[in-house]
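Notes for the one structure printed next.
The values are calculated or read from the model by the stated rules, or taken from the named source; none is laboratory data. Please read all numbers here as calculations on a predicted model, not as lab measurements. All Cβ positions, even for glycine, are placed from backbone atoms using ideal geometry, and neighbour counts span all protein chains on display.
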Amino acid sequence: MRGRLLLPFLIATLATACAELRPMVASPGDLEDYRAFRVAAAPGTRLARAKRYMERHPNGMWIAEVRAAFEEEEPRYFEQAQSSRKGIRRYLADLPDGPHADAAIALLVAFGSSMQEAEL
């Protein structure tokens, strides 16, 4: 009886804890979106893909890793973007509904751009 209860627990633990097994048990969409996030070289692209992963896979196999990366990297990205009009436009292109999108739009207007330009 004890062995019968222990086996499912061990399988579940191994499937979720071992990084090597996650690709085998993750759904194809989960794995595809995670890989897209991992291979993104540009910071804005990486953040956009992280946001997409979190929206599509709120219970995904890599949600903790992706969320931690997004929460660490996004404030730095916005801080760097604030130094120029081009940076703010890039932030809005990458994260149009990101955590700092409203502030970015306000900065873009302050830099002398029109709202129509911000919407592009």
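Please determine whether any residue of region 60-70 is within 28 Å of residue 109 (Cβ to Cβ), of a type in the set (A, V, I, L, M, F, W, C) and modelled with pLDDT of 95 or more.
Yes, region 60-70 contains at least one residue that is within 28 Å of residue 109 (Cβ to Cβ), of a type in the set (A, V, I, L, M, F, W, C) and modelled with pLDDT of 95 or more.
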Residue that is at pLDDT below 95, out of contact with any strand residue (DSSP E or B) (no Cβ under 8 Å at 6 or more places or on another chain) and of a type in the set (Val, Ile, Thr), where the choices are 39, 109
109
Only unsatisfied item for residue 98, checking (1) assigned to a loop (DSSP other than H, G, I, E, B); (2) more than 18 Å from residue 40 (Cβ to Cβ); (3) in contact with a helix residue (DSSP H, G or I) (Cβ under 8 Å, 6 or more places away or on another chain), is (2)
